[in-house]
Each structure stands twice: as C-alpha cells, then as structure tokens.
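What follows is one structure encoded as structure tokens, with my remarks underneath.
The values are calculated or read from the model by the stated rules, or taken from the named source; none is laboratory data. Just so it is clear, the model here is predicted, and its values are computed rather than measured. Neighbour counts are summed over all protein chains in view; Cβ atoms, including those assigned to glycine, are modelled from backbone coordinates with ideal geometry. SASA here: full protein model, heavy atoms, side chains in, ligands and nucleic acids out. Shrake-Rupley method; radii C 1.70, N 1.55, O 1.52, S 1.80 Å.
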Amino acid sequence: MPTALITGATAGIGAEFARQLADRGYDLVLVARDATRLQEYADSLHHETAVDVEILPADLSDREQTQQVADRLLDQANPIHLLVNNAGFGLRSTMLEPDTTQEERALDVMCRAVLILGNAAARAMKQRGRGIIINTSSVAGIMAMGNYSAVKAFVTAYSESLAAQLRKSGVTVTALCPGWVHTEFHDRAQINASSIPSWAWIDKTVLVREALEDAEKGKVISVPTLGWNLAATAARIAPRSIIRWISGVITSRRH
C-alpha cells in the first residue's frame with residue numbers, strides 16, 4: 001500500500017489532502033505543529049478509513065525538526081510515495097513593517113522547508129524510479145501582493161525547476177496554485193476577505209480532487225477550476241504594470 005506524507009495536515013487544504021488520499025487507499029504520515037490536534041485527526045482518519053496513520057509533530061520553522069521530517073522522507077525501508085508540501089500561513093503585514101519576524105518565519109516554513117523536504121523526497125523517489133511531489137503554491141505568486149506573493153512565486157519556480165531536473169526519472173512535481181479557498185486560512189491571518197465575491201471562492205474538496213488528478217497526470221502547474229485557470233493564464237500574459245495595479249487594489253481592500 002502506498003504512503004503519503006502531508007505537512008500542515010490538521011486543517012484546511014492539508015487535512016483535505018489527508019482525507020482524500022486515505023479514501024484512495026494511501027497510508028499516511030501527518031506533519032503539523034500541534035501534536036494533540038494531530039493525534040486527534042489521525043485517530044479520526046484511521047477509524048473512518050482503516051488506513052495506517054503515523055504522526056510526526058514538527059515545527060517547520062525549526063531546522064532540526066524540519067530535518068527529522070526530511071529523514072522520514074529518506075527512509076527507504078518505509079518509503080514515501082507521495083509528498084504534499086502544504087504547511088503555511090497567510091501574511092497580513094505590509095512590506096514596510098520594522099519587525100520582520102513573521103516574514104522570516106514564512107520564508108522558513110514556506111520556502112526553506114519546501115526546499116529541504118522537496119530535496120529529500122526527490123532523492124529518495126528518484127532512487128526508486130517513481131513518486132509524486134505536490135507543493136502548495138498560489139495564484140498569488142503571479143501577482144504582486146506583498147511578501148506572500150514573493151514566497152509563493154518561489155514555490156512555483158522551485159517546483160518547475162525541480163520538475164525539469166527530474167524529467168524522465170519517474171518522479172513528477174506539481175505546483176498547486178489555488179485561488180481563494182474556503183478554509184480557516186484568512187481568519188488565522190486576520191485578513192479581511194469580505195470584499196471577495198462569492199463566485200471567486202473554491203471548495204477545498206474540489207480543489208484537492210482536481211489537484212490529485214493533475215498530479216497523477218504529471219502536470220507541473222495545477223490551477224483547479226476552469227475560472228481560476230483562465231484567470232491565472234490571463235495574469236501570466238498581461239503586462240506587469242496592469243498586474244501591479246490590480247494587486248495594489250486588492251491589497252488595499254484586504255487591510
């Protein structure tokens with residue numbers, strides 16, 4: 001039976017990945033900071049689906065704890081067949097804040113940890129000649145909406161570059177680039193999402209289902225739902241001056 005390792009697995013998109021992968025017959029390794037919440041969710045999934053669920057509490061802003069997750073990915077005796085690099089959080093602050101602590105932590109969790117875990121998974125999977133890596137990025141990475149856009153631009157570019165290096169190895173890499181998704185993400189970051197129209201929101205069940213389908217096809221960039229796919233395509237080909245203007249308008253409404 002294949003095994004999937006998912007970071008940020010106790011809430012939102014990560015929790016939905018865990019549920020859908022369990023339904024597909026994957027055993028699971030769940031990674032998150034909150035050990036109590038992690039165990040509760042693991043017990044629930046095991047009870048509902050009967051798959052084996054291992055927990056690995058880790059704060060991915062900590063180098064040593066991130067390495068422990070990397071070591072699990074490198075364990076060829078208990079191989080990981082699918083990695084979902086999903087841990088992350090929103091950033092509400094502007095790029096002019098004197099205290100950059102939160103932004104530095106974002107780089108640790110959403111860039112450095114993605115790099116370290118993606119590297120470990122890629123090496124282990126390449127040795128076996130197969131595997132899937134999914135890195136949760138965002139359509140925001142195409143935009144210019146502050147530090148979060150910069151972080152997610154890295155994730156997308158990293159994923160594309162890793163996919164290029166793993167070409168013909170049997171290992172695929174997919175950057176998942178969602179639009180706005182109904183989770184607790186915005187509330188946790190204290191981001192005002194009231195101005196976002198109802199039609200722009202994506203259900204996380206649909207998001208993850210389409211992401212897994214794209215990953216299984218080997219697609220390098222996954223933008224679930226037709227509407228957001230068209231929007232992302234338009235953003236890529238639009239003049240950057242227009243993207244910066246749109247980004248400024250959106251950002252001003254969220255603060």
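Just to be sure before I move on: is E48 buried (at least 23 other Cβ atoms within 10 Å of the Cβ) and touching a residue at least 12 places away in the same chain (Cβ under 8 Å) in the structure I sent? So E48 does not fit the description; no. Among the residues of the stretch 30-66, those that are under 14 Å from L5 (Cα atoms) and of a type outside the set (A, V, I, L, M) comprise D52, E54, P57, T66. In the set (1) crowded, with 19+ Cβ neighbours inside 10 Å; (2) more than 22 Å from N147 (Cα to Cα), the condition left unmet by N85 is number (2).
Among the residues making up the stretch 123-154, those that are free of Cβ contacts under 8 Å to residues at least 24 places away in the same chain and either open to solvent by 20 Å² or more (accessible area, probe 1.4 Å) or under 20 Å from R63 (Cβ atoms) (or both) are A150, A153. Selection of the stretch 104-140 for residues being more than 17 Å from the chain's Cα centre (by Cα) and either of a type outside the set (G, A, S) or more than 14 Å from L82 (Cβ to Cβ) (or both) yields E104, R123, M125, K126, Q127, R128, G129, R130.
Would you mention how many residues in the stretch 169-181 are at pLDDT below 95 and either aromatic (F, W, Y) or under 15 Å from G129 (Cα atoms) (or both)? Give the derivation first.
Narrowing the stretch 169-181 to residues at pLDDT below 95: 178-181.
From what's left, either aromatic (F, W, Y) or under 15 Å from G129 (Cα atoms) (or both): 180.
Qualifying residue count, the stretch 169-181: 1.
For the stretch 82-112, name all the residues that are at pLDDT 95 or above and part of a loop (DSSP other than H, G, I, E, B). Within the stretch 82-112, N86, A87 meet the criteria. For the stretch 111-122, check the following and say yes or no: at least one residue is in contact with a strand residue (DSSP E or B) (Cβ under 9 Å, 6 or more places away or on another chain), open to solvent by 10 Å² or more (accessible area, probe 1.4 Å), charged (D, E, K, R) and in contact (Cβ under 8 Å) with a residue 24 or more places away in the chain. So far as the stretch 111-122 goes, no, none of its residues is in contact with a strand residue (DSSP E or B) (Cβ under 9 Å, 6 or more places away or on another chain), open to solvent by 10 Å² or more (accessible area, probe 1.4 Å), charged (D, E, K, R) and in contact (Cβ under 8 Å) with a residue 24 or more places away in the chain. The single condition among (1) in contact (Cβ under 8 Å) with a residue 40 or more places away in the chain; (2) surrounded by fewer than 20 Cβ atoms within 10 Å (Cβ to Cβ); (3) not hydrophobic (A, V, I, L, M, F, W, C); (4) not in a loop (DSSP other than H, G, I, E, B) that S61 does not satisfy is (4). The residues on offer are A164, A238, A157, and the sole one that is under 14 Å from the mean Cα position of the chain (by Cα), surrounded by fewer than 17 Cβ atoms within 10 Å (Cβ to Cβ), more than 28 Å from D23 (Cβ to Cβ) and at pLDDT 90 or above is A157. When we screen G8, G12 for residues that are modelled with pLDDT under 95 and surrounded by 15 or more Cβ atoms within 10 Å (Cβ to Cβ), the only hit is G12. Within the stretch 194-211, residues that are modelled with pLDDT under 65 have Cβ atoms under 6 Å from residues that are loosely packed, with under 13 Cβ neighbours inside 10 Å in these pairs: S195/R253, counting only partners at least 6 apart in sequence or on another chain.
What is the number of the single condition among (1) small (G, A, S); (2) modelled with pLDDT of 95 or more; (3) in a loop (DSSP other than H, G, I, E, B) that A144 does not meet? Condition not satisfied by A144: (2).
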